[in-house]
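Structure, as structure tokens:
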Amino acid sequence: MAYHPGTQTMFNYDQNYETEVYKVDVIKYSYGKGLNFAGTFGGMFNKNIGAELGIGYLLGSKIESTSNLTALTTTTKSTTTDNNKMLFFVPTLVIESGFEKINPYARIGLIVAFPKITSKDEATVTSAFSQTSLKTVEVTEYKMDLGLGANAALGILFDVSDNFAIFGECNINALSITPKSSEITESSSDGIDNLNSMTTSEKETVYENSLTENPLNPPSEGEPSKSLKFKTPFSSVGANIGIKISF
């Protein structure tokens, strides 16, 4: 992914080995940012307290970081682009004021998420001496653990009729998720496929909470490599506008 494994830091990096000058810009990001499509089903136990189950799908915004390295006559420019999608369920407790026409409410509950991340690395190495360049592309698919977090919202219902209302709300999700496994699904150099020459350990990775390594008994190249789990941020703050239909 576009951040350093084991941290939540993403950055743009620019370094010139000749002048020994480098610049690093930290990027603020979250995989929870994007466009949500959601629907909610529920009911009120009484005038003020009820329960809802929300079902939604997130089309995550593109997250991009860059790196530029200059050394003698060689320049390396690389870009990492992450895209994510997420199916999620939100069971919540609802508290309404019970006022007529304009009805403030609060909602608090859980968010249960099933995300998937695709990371694409593109790099171009250019030699000023030989006037040649080499472009490499690598795509990695990440399978994530089940995500469990908290959800809260504050909003207002505007009653149009007994069965129809319009609402607007501020919605907050607190969520971070760890990867379960990853697999390189595309790897090429100047259009030449590299996957057939890669071993299973080079293409696949399993993420675990702890690792034990024995130099005298190295892992098999025919098995996935192992790496430590790390948290990826999916938290978000957003605004929702929609309609409520009562039966």
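The values are calculated or read from the model by the stated rules, or taken from the named source; none is laboratory data. A quick note: this is a predicted structure, and the numbers were derived from the prediction, not measured. All Cβ positions, even for glycine, are placed from backbone atoms using ideal geometry, and neighbour counts span all protein chains on display.
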- Note on the structure: When the range 220-231 is checked residue by residue, the ones that are surrounded by 13 or more Cβ atoms within 10 Å (Cβ to Cβ), part of a loop (DSSP other than H, G, I, E, B) and touching a helix residue (DSSP H, G or I) at 6+ places or on another chain (Cβ under 9 Å) are 224
- Message: So if I check each of 149, 168, 155, which one is in contact (Cβ under 8 Å) with a residue 60 or more places away in the chain, in contact with an Asp or Glu (Cβ under 7 Å, 6 or more places away or on another chain) and under 30 Å from residue 97 (Cα atoms)?
- Response: 155
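Within the range 65-75, can you find the residues that are in a strand (DSSP E or B) and not β-branched (Val, Ile, Thr)?
65, 67, 68, 69, 71
Inspect the range 89-100 for any residue being of a type outside the set (Ser, Thr, Tyr), assigned to a strand (DSSP E or B), touching a residue at least 40 places away in the same chain (Cβ under 8 Å) and touching a Ser or Thr at 6+ places or on another chain (Cβ under 7 Å) and give the result as yes or no.
Checked against the condition, which is being of a type outside the set (Ser, Thr, Tyr), assigned to a strand (DSSP E or B), touching a residue at least 40 places away in the same chain (Cβ under 8 Å) and touching a Ser or Thr at 6+ places or on another chain (Cβ under 7 Å), the range 89-100 yields no hits at all.
Looking at 30, 78 in this structure, which one is part of a loop (DSSP other than H, G, I, E, B), modelled with pLDDT of 80 or more and within 21 Å of the chain's Cα centre (by Cα)? Working first, answer last.
Details: 78 fails: part of a loop (DSSP other than H, G, I, E, B).
Of 30, 78, the one residue that is part of a loop (DSSP other than H, G, I, E, B), modelled with pLDDT of 80 or more and within 21 Å of the chain's Cα centre (by Cα) is 30.
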- the range 192-247, residues that are of a type in the set (Lys, Arg) and in contact (Cβ under 8 Å) with a residue 40 or more places away in the chain: 229, 231, 244
- Message: Looking for something in contact (Cβ under 8 Å) with a residue 12 or more places away in the chain, closer than 30 Å to residue 160 by Cβ and outside any strand (DSSP E or B) - is there at least one such residue anywhere in the range 101-109?
- Response: yes
- Note on the structure: Within the range 173-216, residues being touching a Lys or Arg at 6+ places or on another chain (Cβ under 9 Å), among the hydrophobic types (A, V, I, L, M, F, W, C), surrounded by 14 or more Cβ atoms within 10 Å (Cβ to Cβ) and farther than 26 Å from residue 235 by Cβ number 1
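So which residues in the range 58-76 are of a type in the set (A, V, I, L, M) and either under 30 Å from residue 90 (Cα atoms) or crowded, with 16+ Cβ neighbours inside 10 Å (or both)?
58, 59, 63, 69, listed by residue number.
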